[in-house]
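Here the structure is laid out as structure tokens; the discussion comes afterwards.
The values are calculated or read from the model by the stated rules, or taken from the named source; none is laboratory data. Just so we're clear, the structure is a prediction, and the values are computed from it rather than from any experiment. Quick note on the areas: whole protein, heavy atoms, side chains included, nothing else; ligands and nucleic acids left out. Shrake-Rupley method; radii C 1.70, N 1.55, O 1.52, S 1.80 Å.
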Amino acid sequence: MSEQKPQLQPMYAAADFLKVWREKCRLEKETRDLRRQIERLDAELSHHRPTPIADTMPLDNGLLRERDVVRATGLSRTTLWRLRQSGDFPRPVQITCRRVGWPAGDVEAWIEARSHGERRPA
């Protein structure tokens, strides 16, 4: 008599396998969507992170443009305007009839004062 090999039972029936496979695919898609969402939020946040003054300061004259001040402080243009109007932010210097600039040292001192909790007029 020939010896019969035992038959292996499949772990899942076909319906169970499809159910598990669909769930796996759904979770993989959800993971991809969440990763994309995290990347989008990281990109959004990177626009709001203050940039060190040394990275924004032009080397030629030590004056910062408004966009450099916004990057360095993390403030919006509107908040910067409000702080200037209330006297809580350093006044800009007129460079030309259409351009103003902030002395980098004044902006840096303002940031330093804020980081220590001081609130003093510029």
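Scan segment 88-105 residue by residue and report those that are open to solvent by 30 Å² or more (accessible area, probe 1.4 Å) and either at positive phi or of a type in the set (A, V, I, L, M, F, W, C) (or both). Spell out the reasoning first.
We begin by selecting, within segment 88-105, every residue open to solvent by 30 Å² or more (accessible area, probe 1.4 Å); these are 88, 91-100, 103, 105.
Across segment 88-105, the qualifying residues are VAL93, ILE95, CYS97, VAL100.
Which of the following residues is open to solvent by 80 Å² or more (accessible area, probe 1.4 Å), modelled with pLDDT of 90 or more and on the phi < 0 side of the Ramachandran plot: ARG49, ARG77, ARG84, ARG40?
ARG77
Table: residues versus (1) among the aromatic types (Phe, Trp, Tyr); (2) assigned to a helix (DSSP H, G or I); (3) farther than 25 Å from SER46 by Cα.
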residue	(1), (2), (3)
ASP68	no, yes, no
ARG71	no, yes, no
THR79	no, yes, no
GLN85	no, yes, yes
ASP88	no, no, yes
CYS97	no, no, yes
